[in-house]
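The values are calculated or read from the model by the stated rules, or taken from the named source; none is laboratory data. Nothing here was measured: the structure is a model prediction, and the numbers come from that model. When we count neighbours, we look across all protein chains shown, and the Cβ atoms used for this are built from the backbone with ideal geometry, even at glycine.
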Amino acid sequence: MVPSDVEPTVEQRILEAAVRLPAGGMVTGWAALRLAGAAWFDGQWVQGGEVPVLLPHASRIRGAGVRVERTRRRLPEPVDRYGVPCAPSETALLHEVRRATSARLAGVMVDMALAARVVDLAVVRDLASRASRHEAVAYALERACGECRSPKESEMLQVWEGDLGLPRPLMNREVLDLTGRVVAVVDLLEDVAGTYGEYNGAAHRSRERQRRDEARAHALRGLGLEGFVIVAGDSERVWRERMRGAYDRSLRLPGPERLWRLGAFVPAQPLPDADELALDTIMREHHRAYDRPGNRPQGDRGPEACRWFPGQPAGVIPSRSCSARASNGACTLASLSK
């Protein structure tokens with residue numbers, strides 16, 4: 001039994017499911033993607049926060065809190081994520097997308113896995129082509145975009161091209177003036193019409209951030225770009241009205257008459273190699289401590305079953321100092337300060 005003072009974090013839930021896996025079983029779906037480094041995947045859309053696991057057809061797993069996927073086919077070779085056997089990320093993504101409650105959510109899932117750079121889109125599409133057709137999977141993979149850095153950007157893109165039928169824009173691109181200076185990095189840019197869009201969440205509410213946002217919008221208007229801004233709480237009707245209005249107002253200037261130039265794509269920051277190495281060292285030390293006599297619960301698969309890390313919304317994992325403890329015979333997590 002896990003002590004009552006242990007915080008039920010996402011990683012703790014995954015760990016508690018992993019230590020109960022039968023032979024041949026593995027973590028899959030959102031949990032496997034989380035452990036691969038796609039920190040947006042936290043299972044909040046799953047009723048009860050159940051951890052998905054992939055089992056051989058005849059296997060069983062004891063206890064609640066898991067969502068079982070079974071197959072009569074040969075299971076994929078598991079990937080070891082700090083001791084937790086996980087389905088390959090492409091397989092895990094397909095398991096999760098098939099369970100999406102809407103096509104929109106399915107699209108977000110694919111985009112966030114691509115943003116975190118934990119899947120190969122060509123491999124996912126190949127795997128999907130070998131299975132029975134699933135409408136949400138087909139939609140999400142056909143319109144997949146590897147340039148969205150947040151779920152709201154993915155939703156904004158899907159409304160832009162899916163609901164309004166507007167041309168596929170670029171995402172997270174630099175806008176340069178004619179001297180080559182970076183004026184802004186915008187969330188959405190339709191470069192033929194000269195339309196840009198931004199999603200401003202809670203981080204944009206401070207007076208200083210609003211001041212900077214307005215100065216940036218003024219600079220972009222000065223270059224001849226027409227923009228729209230979506231803020232947290234706006235209805236999708238408002239989204240569509242602002243997108244369509246900005247697109248219709250855009251100047252559509254030919255290249256030689258423009259006062260701006262297109263810059264580079266700006267991806268989400270990956271986890272630095274040094275931070276990954278430090279996390280690996282921390283986990284190995286935990287495994288050694290957990291493997292000492294008296295620290296392993298009866299029937300536990302051992303230290304190879306323990307794995308966790310903290311995440312952040314941008315889809316990558318920040319560096320943190322982590323520790324773990326074995327208490328009352330249960331492996332628990334104590335993921336602490338940055």
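With the structure loaded, tell me whether residue 29 is closer than 21 Å to residue 150 by Cα, touching a residue at least 24 places away in the same chain (Cβ under 8 Å) and touching a strand residue (DSSP E or B) at 6+ places or on another chain (Cβ under 6 Å) or whether it fails that test.
yes
Residue-by-condition table, conditions (1) over 23 Å from residue 25 (Cβ atoms); (2) buried (at least 20 other Cβ atoms within 10 Å of the Cβ):
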{"residue": "58", "(1), (2)": "no, no"}
{"residue": "71", "(1), (2)": "no, no"}
{"residue": "79", "(1), (2)": "no, no"}
{"residue": "93", "(1), (2)": "no, yes"}
{"residue": "98", "(1), (2)": "no, no"}
{"residue": "106", "(1), (2)": "yes, yes"}
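Going by the conditions given, is residue 62 of a type in the set (D, E, K, R), closer than 16 Å to residue 23 by Cβ and at pLDDT below 95?
yes
The rows are residues; the columns are (1) closer than 19 Å to residue 162 by Cβ; (2) out of contact with any strand residue (DSSP E or B) (no Cβ under 8 Å at 6 or more places or on another chain); (3) modelled with pLDDT under 95.
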residue: 190; (1), (2), (3): yes, no, no
residue: 203; (1), (2), (3): no, yes, yes
residue: 222; (1), (2), (3): no, yes, no
residue: 225; (1), (2), (3): no, no, no
residue: 230; (1), (2), (3): yes, no, no
residue: 233; (1), (2), (3): no, yes, yes
residue: 242; (1), (2), (3): yes, no, no
residue: 245; (1), (2), (3): yes, no, no
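Specify the residue that is nearest to residue 185 (Cα to Cα); the eligible residues are those in segment 221-255 that are basic (Lys, Arg) and assigned to a helix (DSSP H, G or I).
Once the filter is applied, the top-ranked residue is 221.
Is there a residue being surrounded by fewer than 20 Cβ atoms within 10 Å (Cβ to Cβ), touching a helix residue (DSSP H, G or I) at 6+ places or on another chain (Cβ under 7 Å) and assigned to a helix (DSSP H, G or I) anywhere in segment 167-184?
The answer is no; no qualifying residue exists.
Find all pairs meeting these conditions: Cβ atoms under 6 angstrom apart; at least six residues apart or on different chains; first residue within segment 149-160 and of a type in the set (Phe, Trp, Tyr); second residue at pLDDT 95 or above.
160/166; 160/243
Outside any loop (DSSP other than H, G, I, E, B), more than 29 Å from residue 170 (Cα to Cα), among the hydrophobic types (A, V, I, L, M, F, W, C) and at pLDDT 95 or above, is that true of residue 105?
It is false that residue 105 is outside any loop (DSSP other than H, G, I, E, B), more than 29 Å from residue 170 (Cα to Cα), among the hydrophobic types (A, V, I, L, M, F, W, C) and at pLDDT 95 or above.
Among the residues of segment 186-214, how many are surrounded by 16 or more Cβ atoms within 10 Å (Cβ to Cβ), in contact (Cβ under 8 Å) with a residue 60 or more places away in the chain and either among the hydrophobic types (A, V, I, L, M, F, W, C) or part of a helix (DSSP H, G or I) (or both)?
Summing the residues that are surrounded by 16 or more Cβ atoms within 10 Å (Cβ to Cβ), in contact (Cβ under 8 Å) with a residue 60 or more places away in the chain and either among the hydrophobic types (A, V, I, L, M, F, W, C) or part of a helix (DSSP H, G or I) (or both) in segment 186-214 gives 1.
Taking segment 247-280 as the search range and keeping residues that are among the small types (Gly, Ala, Ser), at pLDDT 95 or above and under 28 Å from residue 40 (Cβ atoms), which one is surrounded by the fewest Cβ atoms within 10 Å (Cβ to Cβ)?
Per the criteria, the residue is 264.
Pick from segment 115-156 the residues that are of a type in the set (Gly, Ala, Ser) and closer than 13 Å to residue 172 by Cα: which of them is surrounded by the most Cβ atoms within 10 Å (Cβ to Cβ)?
154
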